[in-house]
Amino acid sequence: MTRTDDDNVQVELVGCTGLGSHISVDRAAVAEGRLKIQFGAGYEHFDLDHFDEPGGDGDPVPVFVWTDRTWIAE
């Protein structure tokens, strides 16, 4: 199966430094309401908080709030 831009959605991240405040993620991750993003030697975890006003594409922007950081085992 080939992935397309339609499989991704722009989200806003709140509460985590180092990552950009807006990134593109898989649409299925938004439906689950949780994000796990590899960053450095660990993972940043975010939970869906709310949807903001529609962005440039007319879709509401999912806003995820940072909840935790876990480390990658060696």
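For the chain, the mean residue ellipticity at 222 nm estimated from helices alone is -2000 deg cm²/dmol, where every DSSP H run of n ≥ 4 contributes -39500 (n - 2.57) and the total is divided by all residues, rounded to the nearest 500. Ranked by the mean number of other Cβ atoms within 10 Å of their residues, highest first, the peptides 20-33, 57-70 fall in the order 57-70, 20-33. Rg over Rh for the chain works out to 0.99, both radii taken from alpha-carbon positions and Rh defined as the Kirkwood radius.
Taking label positions 7 Å along the Cα-Cβ direction at both Ser24 and Thr67, the computed distance is 2.6 nm, reported to one decimal.
Every number in this text was worked out from the coordinates using simple rules, so none of it is lab data. All figures in this text were calculated on a predicted structure; none of them were measured in a lab. All Cβ positions, even for glycine, are placed from backbone atoms using ideal geometry, and neighbour counts span all protein chains on display.
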